[in-house]
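Enquirer: Questions regarding the structure given below will be posed in turn.
The values are calculated or read from the model by the stated rules, or taken from the named source; none is laboratory data. Keep in mind the model is a prediction, meaning the values are calculated, not measured. Cβ: placed from backbone, ideal geometry, glycine included. Neighbour counts: every protein chain shown. Remember, those area values only see protein heavy atoms, side chains included, never the ligands or the DNA or RNA. Shrake-Rupley method; radii C 1.70, N 1.55, O 1.52, S 1.80 Å.
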Amino acid sequence: MKVMQKMGFGPKWLNWMWNCISTAKFSILVNGVPAGFFSSSKGLRQGDPLSPYLFILGMEVLSILIRRAVEGGFISGCNVWRGRERAVHISHLLFADDTIVFCEAKKEQLMHLSWILFWFEAASGLKINLAKSEIIPVGEVEGMDELAVELGCRVGKLPAVYLGLPLGAPNKSISVWDGVEEKMRRRLAAWKHQYLSKGGRITLLKSTLANIPVYQMSLFRIPNSVARRLEKLQRDFLWGGGNLERRAHLVNWEMVCRDKEKGGLGIRKLNLLNRALLGKWVWRFACAKEEFWKQVLIAKYGQEDFDWRTKKAAGAFGVGVWKEILKEAGWCWEKMAFKAGKGNKIRFWTDWWCGDSSLSQSFPHLFTLAAHKNATLEDMWDQISGEDGWNLRFTRGFNDWEMDWVGNLLQVLRGHMLTLEDDSVLWKGGNSGQFRVKEAYSLLESPLHFAFPKKNIWVERVPSKIVFFTWEAAWGRIMTLDRLQRRGWQFPNRCFLCGCKEESVNHILIHCTVVKVLWDLVLGLFGVKWVFPLTVKEVLFSWRGAFVGKKREKLWKSIPLFILWAVWKERNRLAFKGGEFAIQKFKHSFVCNLWGWAKLYMGEEPVSLIGFLEWLASR
């Protein structure tokens, strides 16, 4: 409370905080029943929503103590600078309860640091856990054991881990990614004994497995060999399950990693995702104002281009991370435009700030005549005459045939004027004007122009395993007998349902005489007549439902998926369990299953099978 009082919080706020702390009560569940309430004698419990905020205020005490020790010369900290650039002094870094303090490897400075920690404990009531603390030497330092005794903690070494990221490791080291791979393998081991359909696997892969390396990839360049290993784990899990069994990968991984609109599953390629995540730092640097991390980068590398970017990262040591990030600056700046404010940081001719491109590209002839090709907007804005407007300067007068270009330029400039705000950047790759990793990833993908029936496969409320099978069938990649023969298996190829023709994807799912009975049955229930295309993909493309009525449209869109799934299940039953095929029993079973599926779309309408058939026939 005294800390908040020193920081300027008023008595009303202090009274609120004190009531939150002093009046809190707790209860313990005994056999599922609350066993009375009791007051807390230690303030807030861990996990309380208020606890993190009050903890940050408490850590401000430690920050002030360290800052005053640096000002008094008791702790040195470290300086970051380059040439004649202004140095940035760093004495400590705080993130929640993780703290780094920088000082020289001298016994006196560590003694002063230990006294600071002692005073902090006395003032805040918090306890420093020295068992989890360590002193890490940078370079060659003698007498580390004696220095560690002075502070009362153990001796560590670089590379270390801070906030879950490697600290002091070589930039291109592969070993720093071992922890990421180990996390993925541990997660797979937890799923090993669970039976998961392919639909379930794709859900887990996208929601969990693919996200494990994202945190580290947001700052470090992932080596190609590591990316291949991690993607192999994802591939093996998708096609082989939790045991990572060696099974056929039915669809090429490059296609799996495409967006759903382009025929993929929406999984992200790690290398492209890594580039998009690194590119965000280029955007953040251009947008940042006085953030501390930006000041450190400016002090270390310098800045250029009106402070929108740093100079090239050069040097043998300690530049690898930012050097890798700057490799993504090219495509990032191609997708960034400027929003004019004061106009002192935007070039009039060569920067993209109005129109569909830079003015030098839109009006190349006028650009060659410009008196000041590198002039800023501020330089070209006339405020002296009393009437704000653009004061365009050229090296000579214009010919009659050049006046149209001048008129077009003035038309483009109309409505654009300077303000008192600072200049800023906009992202051209999306509608919001802000950088989005998803949009940046799409820009980095190689263009692929072909149509895929995404909307007729990823249908609302259809089980994911059925959707995944339909996606495989649309690519013609299910394991029919003809495909098994191409893989070297020796099987007589006859359709399990009709026994007349060879089995292929399109035959077993569409053109088999037995399956056509099922398709005709469903089309008859809806009152529709249709000539079938040749392939599953074409069937899904052609399946439109506006003519069946609005209330039946959602069920109509899911019908092909349910038919394909029912046919494939019956085919597999005959292939692996044997027995005779009874068409009437198959039709009756499908209609009953369709009724069960349809309840997802119909709500409470028909309560019987007869009512369901009447509902299908209605409009």
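Enquirer: Working only within the range 477-513, note down all residues that are open to solvent by 20 Å² or more (accessible area, probe 1.4 Å), in contact with a Gly (Cβ under 9 Å, 6 or more places away or on another chain) and not in a loop (DSSP other than H, G, I, E, B).
Expert: Of everything in the range 477-513, those that are open to solvent by 20 Å² or more (accessible area, probe 1.4 Å), in contact with a Gly (Cβ under 9 Å, 6 or more places away or on another chain) and not in a loop (DSSP other than H, G, I, E, B) turn out to be R483, N506.
Enquirer: Is the range 521-532 home to any residue that is in contact with a Lys or Arg (Cβ under 7 Å, 6 or more places away or on another chain), touching a residue at least 12 places away in the same chain (Cβ under 8 Å), more than 21 Å from R461 (Cα to Cα) and assigned to a helix (DSSP H, G or I)?
Expert: yes
Enquirer: For the range 404-454, which residues satisfy the criterion of being aliphatic (A, V, I, L, M), free of Cβ contacts under 8 Å to residues at least 60 places away in the same chain and open to solvent by less than 30 Å² (accessible area, probe 1.4 Å)?
Expert: V406, L409, L413
Enquirer: Here's a follow-up. Condition first: within 16 Å of G343 (Cα to Cα) and among the β-branched types (V, I, T). Now tell me which residues in the range 414-447 satisfy that.
Expert: Across the range 414-447, the qualifying residues are T419, V425.
To keep it simple, each residue is scored yes or no on (1) assigned to a helix (DSSP H, G or I); (2) open to solvent by less than 70 Å² (accessible area, probe 1.4 Å); (3) touching a helix residue (DSSP H, G or I) at 6+ places or on another chain (Cβ under 6 Å); (4) among the polar types (S, T, N, Q).
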{"site": "L65", "(1), (2), (3), (4)": "yes, yes, yes, no"}
{"site": "R86", "(1), (2), (3), (4)": "no, no, no, no"}
{"site": "E108", "(1), (2), (3), (4)": "yes, no, no, no"}
{"site": "S114", "(1), (2), (3), (4)": "yes, yes, yes, yes"}
{"site": "L117", "(1), (2), (3), (4)": "yes, yes, no, no"}
{"site": "E121", "(1), (2), (3), (4)": "yes, yes, no, no"}
{"site": "V141", "(1), (2), (3), (4)": "no, yes, no, no"}
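Enquirer: Next up: Being without any contact (Cβ under 8 Å) to a residue 40 or more places away in the chain and not acidic (D, E): is that true of K373 here? Spell out how you get there, then give the answer.
Expert: On the way: without any contact (Cβ under 8 Å) to a residue 40 or more places away in the chain: yes; not acidic (D, E): yes.
Against the criterion (without any contact (Cβ under 8 Å) to a residue 40 or more places away in the chain and not acidic (D, E)), K373 qualifies.
Enquirer: Here's something else I'd like to know. Among the residues of the range 143-175, write down those that are modelled with pLDDT of 85 or more, of a type outside the set (A, V, I, L, M) and open to solvent by 70 Å² or more (accessible area, probe 1.4 Å).
Expert: Result: D145, E146, R154, K157, P159, S175.
Enquirer: With the checklist (1) open to solvent by less than 70 Å² (accessible area, probe 1.4 Å); (2) modelled with pLDDT under 90; (3) not aliphatic (A, V, I, L, M) in hand, flag the one item F95 doesn't pass.
Expert: Unmet for F95, out of (1) open to solvent by less than 70 Å² (accessible area, probe 1.4 Å); (2) modelled with pLDDT under 90; (3) not aliphatic (A, V, I, L, M): (1).
Enquirer: How many residues are outside any helix (DSSP H, G or I) and either among the aromatic types (F, W, Y) or touching a helix residue (DSSP H, G or I) at 6+ places or on another chain (Cβ under 6 Å) (or both) when one looks only at the range 548-597? If you could, list the steps in order and put the result at the bottom.
Expert: Going residue by residue through the range 548-597, those that are outside any helix (DSSP H, G or I) are 549-552, 577-582.
So of that shortlist, the ones also either among the aromatic types (F, W, Y) or touching a helix residue (DSSP H, G or I) at 6+ places or on another chain (Cβ under 6 Å) (or both) come out as 581.
Count: 1.
Enquirer: Hey, another quick one. How many residues, within the range 214-259, are in contact (Cβ under 8 Å) with a residue 24 or more places away in the chain, over 26 Å from G279 (Cα atoms) and surrounded by fewer than 16 Cβ atoms within 10 Å (Cβ to Cβ)?
Expert: Final tally of qualifying residues: 2.
Enquirer: Right, something else. Return only the number of the condition from (1) without any contact (Cβ under 8 Å) to a residue 12 or more places away in the chain; (2) under 39 Å from the mean Cα position of the chain (by Cα); (3) open to solvent by less than 80 Å² (accessible area, probe 1.4 Å) that G72 does not satisfy.
Expert: Unmet for G72, out of (1) without any contact (Cβ under 8 Å) to a residue 12 or more places away in the chain; (2) under 39 Å from the mean Cα position of the chain (by Cα); (3) open to solvent by less than 80 Å² (accessible area, probe 1.4 Å): (2).
Enquirer: Looking at (1) assigned to a helix (DSSP H, G or I); (2) buried (at least 16 other Cβ atoms within 10 Å of the Cβ), which is the one condition that is false for Q295?
Expert: Of everything listed in (1) assigned to a helix (DSSP H, G or I); (2) buried (at least 16 other Cβ atoms within 10 Å of the Cβ), Q295 misses just condition (2).
Enquirer: Just give me the residues in the range 444-472 being closer than 30 Å to V282 by Cβ and at pLDDT below 90, in sequence order. It would help to see each step written out before you state the result.
Expert: Of the range 444-472, the ones closer than 30 Å to V282 by Cβ are 444-449.
Of everything in the range 444-472, those that are closer than 30 Å to V282 by Cβ and at pLDDT below 90 turn out to be E445, S446, P447, L448, H449.
Enquirer: Within the range 543-562, identify whether any single residue is closer than 26 Å to L481 by Cα, open to solvent by 50 Å² or more (accessible area, probe 1.4 Å) and at pLDDT 85 or above, and answer yes or no. Break it down into steps so the answer makes sense when it comes.
Expert: Taking the range 543-562 first, the residues closer than 26 Å to L481 by Cα are 559-562.
From what's left, open to solvent by 50 Å² or more (accessible area, probe 1.4 Å): none.
Within the range 543-562, none of the residues are closer than 26 Å to L481 by Cα, open to solvent by 50 Å² or more (accessible area, probe 1.4 Å) and at pLDDT 85 or above.
For (1) surrounded by 10 or more Cβ atoms within 10 Å (Cβ to Cβ); (2) in contact with a strand residue (DSSP E or B) (Cβ under 9 Å, 6 or more places away or on another chain); (3) in contact (Cβ under 8 Å) with a residue 60 or more places away in the chain; (4) not aliphatic (A, V, I, L, M), each residue gets a yes or a no:
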| site | (1), (2), (3), (4) |
| --- | --- |
| M1 | yes, no, no, no |
| C20 | yes, no, no, yes |
| V33 | no, no, no, no |
| Y53 | yes, no, no, yes |
| C78 | yes, yes, no, yes |
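Enquirer: Exactly one condition in (1) within 28 Å of S446 (Cβ to Cβ); (2) in contact with a Lys or Arg (Cβ under 8 Å, 6 or more places away or on another chain); (3) of a type in the set (K, R) is false for K300; which is it?
Expert: The one condition K300 does not meet is (1).
Listed here are the residues, each with its yes/no results for (1) more than 30 Å from L443 (Cα to Cα); (2) under 33 Å from the mean Cα position of the chain (by Cα).
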residue: E334; (1), (2): no, yes
residue: A337; (1), (2): no, yes
residue: G343; (1), (2): no, no
residue: I346; (1), (2): no, yes
residue: W353; (1), (2): no, yes
residue: H365; (1), (2): yes, no
residue: D382; (1), (2): yes, no
residue: N399; (1), (2): yes, no
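Enquirer: Can you pull out the residues in the range 172-188 that are assigned to a helix (DSSP H, G or I) and touching a residue at least 24 places away in the same chain (Cβ under 8 Å)?
Expert: Taking the range 172-188 and keeping what is assigned to a helix (DSSP H, G or I), we get 175-188.
Answer for the range 172-188, where residues must be assigned to a helix (DSSP H, G or I) and touching a residue at least 24 places away in the same chain (Cβ under 8 Å): V176, W177, V180, E181, K183, M184, R185, R187, L188.
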